[in-house]
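A.B. asks: The structure under discussion is supplied below as structure tokens; questions concerning it will follow.
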Amino acid sequence: MDEIREFLVLEEEEGERLDVYLSGQLGDMSRSYIQKIIKDKKVKVNDKIEKAKYLVKEEDKIVIEIPAPKLLEVTPQNIPLNIVYEDDDLLIVNKPQNMVVHPAPGNYDNTLVNAILYHCKDNLSSINGVIRPGIVHRIDKDTSGLLMIAKNNNAHNSLADQLKDHSITREYEFICHGVFKEDKITVDKPLGRNPKDRLKMAIVKDGRRAVTHFEVIERFENYTLVKATLETGRTHQIRVHAASLNHPLLGDPLYGPKNNKLKVEGQTLHAKKLGFIHPSKNEYVEFNSELPTYFQKILNRIR
């Protein structure tokens with residue numbers, strides 16, 4: 001059966017596009033999928049059919065009819081994987097930029113999950129269900145770098161507990177706009193959904209605690225290469241915290257300037273180091289990855 005959901009627009013949400021508003025309310029659904037539902041006339045605002053560009057008003061009553069999910073099967077696909085490490089418990093992969101980690105409504109193909117299903121066959125943890133088998137944590141589509149995949153539920157639980165305890169080493173490198181004055185700086189500011197734009201995260205009083213340690217690697221005339229070490233792992237944490245220092249990531253479509261002289265598409269952010277206690281060996285292991293070619297080319301242009 002189709003699912004019916006109802007929403008009442010709040011004062012602070014007024015002025016958002018209908019598709020943007022629903023994207024924020026419905027979490028995992030892609031905006032393109034929501035636009036398709038609107039186009040199929042499955043959304044009513046105050047009992048009237050409206051287009052995706054309609055600007056919502058305070059106290060608008062929005063009713064959306066979400067089509068019943070099809071029998072969900074994520075297809076294994078023979079997509080090349082850059083495997084850094086593999087054993088019976090886990091897989092460490094170096095994800096390229098522009099690859100989505102797991103399927104979502106409207107986007108079921110060419111994700112990292114499709115690739116690992118092909119590579120691992122049935123040897124993946126089932127804790128996160130059909131859509132996210134083996135996925136313990138994720139990085140954004142435009143972020144490259146290291147990800148850990150759990151092959152069984154014991155490994156998954158161990159790694160998830162370490163994430164919860166903030167004991168996993170996670171270091172990133174990124175290029176930001178402007179020149180960092182400080183050699184090192186820590187940002188400890190809570191993050192939550194941006195009340196004015198549900199697709200964005202923001203520093204909000206009642207958000208979840210988020211801590212990022214920044215350290216300058218190299219300064220340029222108009223940019224800085226920075227290392228970020230995560231103490232917590234919130235959505236868009238590095239991107240929002242860097243922007244809060246007036247140093248948004250180069251190429252960041254959400255938190256950076258609309259135009260960048262270098263015409264970079266997608267934030268220049270790479271998950272470079274990952275360290276944790278191995279689930280069955282019970283010893284600390286650490287993995288590193290080189291900056292990808294696209295990132296090095298941008299650095300060379302800046303230099």
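The values are calculated or read from the model by the stated rules, or taken from the named source; none is laboratory data. Please read all numbers here as calculations on a predicted model, not as lab measurements. Cβ atoms come from the backbone with ideal geometry, glycine included; neighbour counts cover every protein chain shown.
Residue-wise test of (1) free of Cβ contacts under 8 Å to residues at least 12 places away in the same chain; (2) buried (at least 20 other Cβ atoms within 10 Å of the Cβ); (3) touching a Pro at 6+ places or on another chain (Cβ under 8 Å); (4) over 22 Å from residue 35 (Cα atoms).
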residue	(1), (2), (3), (4)
92	no, no, no, yes
96	no, no, yes, yes
102	no, yes, no, no
113	no, yes, yes, yes
129	yes, no, no, yes
138	no, no, no, yes
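A.B. asks: Is region 40-51 home to any residue that is out of contact with any strand residue (DSSP E or B) (no Cβ under 7 Å at 6 or more places or on another chain), among the hydrophobic types (A, V, I, L, M, F, W, C), surrounded by 19 or more Cβ atoms within 10 Å (Cβ to Cβ) and not assigned by TED's automatic domain parsing to the domain that holds residue 125?
C.D. replies: Checked region 40-51: no residue is out of contact with any strand residue (DSSP E or B) (no Cβ under 7 Å at 6 or more places or on another chain), among the hydrophobic types (A, V, I, L, M, F, W, C), surrounded by 19 or more Cβ atoms within 10 Å (Cβ to Cβ) and not assigned by TED's automatic domain parsing to the domain that holds residue 125.
Results for (1) closer than 30 Å to residue 263 by Cα; (2) among the basic types (Lys, Arg), shown as yes or no for each residue.
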site: 121; (1), (2): no, yes
site: 129; (1), (2): no, no
site: 134; (1), (2): no, no
site: 140; (1), (2): yes, no
site: 154; (1), (2): no, no
site: 159; (1), (2): no, no
site: 163; (1), (2): no, no
site: 168; (1), (2): no, no
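A.B. asks: A further question on this structure: Scanning region 120-176 for residues that are among the hydroxyl-bearing types (Ser, Thr, Tyr) and in a loop (DSSP other than H, G, I, E, B), which turns out modelled with the lowest pLDDT?
C.D. replies: Among residues in region 120-176 that are among the hydroxyl-bearing types (Ser, Thr, Tyr) and in a loop (DSSP other than H, G, I, E, B), the one modelled with the lowest pLDDT is 126.
A.B. asks: So which residues in region 140-176 are buried (at least 19 other Cβ atoms within 10 Å of the Cβ) and without any contact (Cβ under 8 Å) to a residue 60 or more places away in the chain?
C.D. replies: Of everything in region 140-176, those that are buried (at least 19 other Cβ atoms within 10 Å of the Cβ) and without any contact (Cβ under 8 Å) to a residue 60 or more places away in the chain turn out to be 149, 156.
A.B. asks: Quick one: in region 177-200, which of the residues that are of a type in the set (A, V, I, L, M, F, W, C) and out of contact with any Gly (no Cβ under 7 Å at 6 or more places or on another chain) is surrounded by the most Cβ atoms within 10 Å (Cβ to Cβ)?
C.D. replies: Restricting to residues being of a type in the set (A, V, I, L, M, F, W, C) and out of contact with any Gly (no Cβ under 7 Å at 6 or more places or on another chain), the top hit is 180.
A.B. asks: Looking only at region 233-253, decide whether some residue is without any contact (Cβ under 8 Å) to a residue 12 or more places away in the chain and over 17 Å from the mean Cα position of the chain (by Cα).
C.D. replies: no
A.B. asks: May I ask you to say which residue of 114, 78 is modelled with pLDDT of 85 or more and assigned to a loop (DSSP other than H, G, I, E, B)?
C.D. replies: Exactly one residue qualifies, and that residue is 78.
A.B. asks: Something else now. Taking the condition of being of a type outside the set (A, V, I, L, M) and within 22 Å of the chain's Cα centre (by Cα), how many residues in region 18-55 meet it?
C.D. replies: 12
A.B. asks: Has region 53-74 got any residue that is surrounded by 15 or more Cβ atoms within 10 Å (Cβ to Cβ) and under 21 Å from residue 141 (Cβ atoms)?
C.D. replies: Checked region 53-74: at least one residue is surrounded by 15 or more Cβ atoms within 10 Å (Cβ to Cβ) and under 21 Å from residue 141 (Cβ atoms).
A.B. asks: Just to verify a result, which residue in region 216-236, among those that are within 16 Å of residue 298 (Cβ to Cβ) and in contact with a helix residue (DSSP H, G or I) (Cβ under 6 Å, 6 or more places away or on another chain), is surrounded by the fewest Cβ atoms within 10 Å (Cβ to Cβ)?
C.D. replies: 220
A.B. asks: Quickly run through region 262-287 and pick out the residues that are loosely packed, with under 13 Cβ neighbours inside 10 Å and either among the hydrophobic types (A, V, I, L, M, F, W, C) or not assigned by TED's automatic domain parsing to the domain that holds residue 230 (or both).
C.D. replies: Result: 281, 282, 283, 284, 286.
A.B. asks: Against the condition in a strand (DSSP E or B), in the same structural domain as residue 134 (by TED's automatic domain parsing), modelled with pLDDT of 90 or more and at negative phi, how does residue 94 come out, does it pass?
C.D. replies: In short, yes.
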